[in-house]
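Report on the structure given below.
The values are calculated or read from the model by the stated rules, or taken from the named source; none is laboratory data. Predicted, not measured: the structure shown is a model, and the values here were computed from it. All Cβ positions, even for glycine, are placed from backbone atoms using ideal geometry, and neighbour counts span all protein chains on display. Side chains included, ligands, DNA and RNA excluded: accessible areas come from the protein's heavy atoms. Shrake-Rupley method; radii C 1.70, N 1.55, O 1.52, S 1.80 Å.
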Amino acid sequence: MKKNLTLLIFLFACSQSYSQATRLVLFEHFTQASCGPCASQNPPFTALLANNSSKAVKIAYQTSWPGTDPMNAANPSEVSTRRNYYAVTGVPSVRNVSMFAAGTSPANVTQSQIDARYNTTPDWSVTVTHQLTSGYDSVQVVVLVGNATSSTLTSGSTGSLKLHLVMVEETITYSSPPGSNGETVFHNVMRKMVPNDNGTTLANSWTAGQSQSFQFKIPLPTYLANLGEVAFVAFVQDDSNKDIKNAAFSPKQAVSGLADASIASIGATTSGYCDPNLTPSVTFQNSGSVTITSATVSYTINGGTPVSQNWTGSLSAGQTATVSFPQATLSTGKSEIVGSVDNPNGSVDYAPINNSSAPTTINILNNNPTYAPYDQNFEGVAFSQIPSNMIKEASGEGRVGAISKANVQNLPQELGGWGQSASSIFWDYPTIASGTVISLITEKISLSTISNPNLYLSTSYAARGGNSNDQLKVYVSTDCGSSWTNIFSPSGASLATGTDPGSQYRYWADPNKWLTHKISLSNYASAGHILLKFEGTSAAGQCFYLDNIWVSTNVLSEDEEDIQNNIRVFPNPSSDLTKFEITLANESEVSLAILNISGQKVLNIESQTFPSGNHIIETSVSDLPSGIYNAQISINGEIQNVRFTVSH
């Protein structure tokens with residue numbers, strides 16, 4: 001092989017030294033699998049280039065935004081380098097500074113523009129060829145660069161002339177869209193820049209007819225989708241003005257003798273949120289024409305160490321086999337299980353793109369319940385995230401998570417309930433496709449410590465145009481999520497508390513436009529524990545905000561008043577003295593403890609005997625940090641809870 005490659009290099013170099021340079025127009029194409037405009041503009045651009053395959057070529061860089069894109073995730077840093085090189089701030093975008101000084105969109109590239117650039121005689125010759133090694137684990141590439149003029153050529157500045165070699169896959173085809181824009185077929189996707197994203201620095205001065213060959217041996221990345229689609233683009237560029245001098249393309253080569261094993265399905269289920277025991281199985285298929293007699297079948301949990309079994313047998317084209325694994329115990333929280341198959345017949349796989357399953361998500365709750373009163377106020381939760389003791393489930397993509405005014409430029413008001421705290425959870429319905437359902441589920445809550453339990457929650461919402469029909473449903477489960485009972489379901493006008501901001505894209509919760517809801521949980525008081533589910537269904541309307549989830553006997557409102565026991569805290573919020581007004585029917589022993597949002601006791605007033613009647617207990621909160629606090633008031637041993645805010 002080495003002897004043949006050496007001869008190839010020699011013949012390649014000699015043949016190019018005496019040929020006239022031909023231009024290949026290069027477009028650097030920035031796109032993304034979750035970019036809506038990309039889905040409409042890319043197909044016509046692809047067709048235009050297919051009709052000009054001898055004149056033009058593109059390199060597609062899959063960016064990290066605006067959404068999910070596994071092609072970017074495979075090699076994000078080299079994409080980022082080229083994006084930053086051109087200062088690309090939006091997709092789709094096409095760059096070739098000789099044609100478009102500031103870039104353009106794929107929809108604006110025309111046949112006449114390609115022809116005009118192609119017919120401009122290049123000063124530089126560039127040619128590239130590649131050969132996959134016999135074991136299909138690496139590839140050898142030869143690039144020849146030359147001065148095609150009768151004069152000396154120089155770089156724009158010292159060290160500015162670069163040779164870039166880019167491994168691409170001519171076509172990547174997914175069985176289902178890898179992002180949110182519906183695209184499944186992608187062309188000339190950048191997979192690796194050789195030797196790296198900085199390229200190879202060329203000499204500053206090239207005499208007439210001077211040429212130089214460059215040889216590379218490159219390991220094939222494990223994230224390739226299909227070995228039979230590997231191709232190379234080489235181009236010379238001057239960094240002083242970003243001018244692409246010329247480019248060359250080495251097309252894909254036929255690959256034979258390799259098996260193609262693919263994942264057909266993965267069995268990964270438990271009996272529910274409270275069952276951590278998993279017995280996984282992986283089913284794989286022969287998706288090629290070569291009979292498979294052996295393979296390595298594996299699964300991982302949250303990207304950890306693979307659990308593997310070696311399979312042997314005989315699978316002809318289209319047949320499947322299932323491998324079962326011993327029982328595993330999942331940790332509390334979210335687990336993603338991925339099945340995979342590789343090493344068919346002891347060799348590399350022809351199409352690695354189908355070697356792994358999509359993640360199967362299983363959420364497991366802590367079996368130890370939290371005892372009511374239960375308080376979830378979302379303070380301290382990072383932007384767009386949810387509390388660690390809650391579960392998020394979604395039928396599609398969409399942003400549901402914590403938000404505060406710090407996440408919104410120049411917003412004056414706090415976005416917590418009634419404007420009295422920093423954070424709430426919001427469903428960003430304007431960006432969530434209509435019909436998408438996204439739910440938050442609480443941890444296990446025991447009601448055994450309170451009587452007459454109620455659920456309180458604060459909401460803020462404005463119907464877009466006064467008539468959008470976004471929805472909230474609240475469910476309760478007594479069997480750890482095996483079944484759910486709907487206990488609250490406002491939507492549209494019945495959910496609205498505020499006024500649509502009109503031309504403003506998003507409604508930002510108005511401190512005066514919140515509503516606190518009271519929902520009885522008395523039917524579930526005898527249950528061992530409950531789960532609560534807050535399910536939002538998008539009608540692509542306006543933002544919806546949820547805060548102050550509170551399971552207790554007493555009401556949660558601006559003044560935190562318990563009507564049954566006549567307990568009130570004021571002023572609320574407070575910066576100095578906080579007063580607790582208590583009305584007693586009989587002489588009683590009363591004590592007071594104040595806890596922060598982490599449940600730590602920060603202030604305590606020892607038990608005292610009070611006669612019947614109205615009493616006010618004053619305490620200084622001037623030394624407490626700003627935030628939300630829970631006051632536990634014991635009256636003859638019966639604890640009542642009220643919540644208040646300290647704001648300095």
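The table below gives the values:
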{"read-out": "FRET efficiency, 1/(1 + (r/R0)^6) with R0 35 Å, evaluated for TRP65 and SER289 via beta carbons", "value": "0.30"}
{"read-out": "Carbon and sulfur %, accessible surface of segment 462-554 computed with the full protein complex present, 1.4 Å", "value": "42 percent"}
{"read-out": "Cubic angstrom per residue, convex hull over Cα atoms of the chain", "value": "189 Å³"}
{"read-out": "Heavy-atom surface of the chain, accessible at 1.4 Å and reported per residue (Å²)", "value": "42 Å²"}
{"read-out": "Calculated diffusion of segment 69-123, Stokes-Einstein form, Kirkwood radius summed over Cα pairs, 20 °C and 1.002 mPa s, µm²/s", "value": "165 µm²/s"}
{"read-out": "Scaled radius of gyration (Cα, divided by 2.2 N^0.38 Å) that segment 452-589 gives", "value": "1.26"}
{"read-out": "Modelled FRET efficiency - R0 41 Å, THR312 with SER271, Cβ distances, 0.05 increments", "value": "0.80"}
{"read-out": "Kyte-Doolittle mean at least -1.0, axial Cα span of 24 Å or more - DSSP H helices of the chain", "value": "none"}
{"read-out": "Percent of alpha-carbon pairs separated by more than 14 Å within segment 264-339", "value": "62 percent"}
{"read-out": "Ellipsoid equivalent to segment 235-298 - semi-axes via the Cα gyration tensor, in Å", "value": "46, 25, 8"}
{"read-out": "Computed label-point distance, nm, for sites VAL255 and ALA493 using a 7 Å Cα→Cβ extension", "value": "6.1 nm"}
{"read-out": "Selected from ILE450, ALA527, ASN512, residue furthest toward positive end of dipole (segment 371-530; charges at beta carbon)", "value": "ASN512"}
{"read-out": "Proximal charge balance of ASN636 [Cβ under 10 Å; K/R count +1, D/E count -1]", "value": "-3"}
{"read-out": "Distribution of pairwise C-alpha distances over segment 423-516, 5 Å bins, in %", "value": "2, 10, 19, 23, 18, 12, 9, 5, 2, 0"}
{"read-out": "Cβ-placed point charges (K, R +1; D, E -1), dipole of the chain about Cα centre in debye, nearest 20", "value": "2560 debye"}
{"read-out": "Segment 231-333 - percent of accessible surface contributed by carbon and sulfur, probe 1.4 Å", "value": "45 percent"}
{"read-out": "Enclosed volume per residue, in Å³, of the convex hull spanned by Cα atoms of segment 103-153", "value": "166 Å³"}
{"read-out": "Formal net charge of residues neighbouring SER424 (Cβ-Cβ distance under 13 Å; K, R +1; D, E -1)", "value": "-3"}
{"read-out": "Modelled FRET efficiency - R0 25 Å, GLN327 with THR184, Cβ distances, 0.05 increments", "value": "0.10"}
{"read-out": "Highest average packing first - 242-248, 434-440, Cβ atoms within 10 Å", "value": "242-248, 434-440"}
{"read-out": "Cα lying deepest toward the dipole's positive end in the chain, options ASN630, VAL185, TYR136, charges on Cβ", "value": "TYR136"}
{"read-out": "P(r) of segment 8-134 over all Cα-Cα pairs, binned every 5 Å from zero, in whole percent", "value": "2, 10, 17, 18, 17, 15, 11, 7, 3, 0"}
{"read-out": "Alpha carbon convex hull of segment 123-211, volume per residue in cubic angstrom", "value": "142 Å³"}
{"read-out": "Rg/Rh for segment 355-500, where both radii come from Cα atoms and Rh is the Kirkwood radius", "value": "0.97"}
{"read-out": "Cα coordinate range in segment 171-308, projected on the principal axes (Å, largest first)", "value": "74, 37, 31"}
{"read-out": "Virtual spin-label span in nm between SER434 and ILE605, 7 Å along Cα→Cβ", "value": "5.5 nm"}
{"read-out": "Point-to-point label distance, ASN368-SER213, nm (Cα→Cβ direction, 7 Å offset)", "value": "7.0 nm"}
{"read-out": "Cα centroid of segment 293-334 to Cα centroid of segment 191-234, whole Å", "value": "37 Å"}
{"read-out": "Cβ crowding within 10 Å averaged over residues, with 448-459, 310-321 ranked highest first", "value": "448-459, 310-321"}
{"read-out": "Fraction of accessible area attributable to carbon and sulfur, segment 343-391 (%, probe 1.4 Å)", "value": "46 percent"}
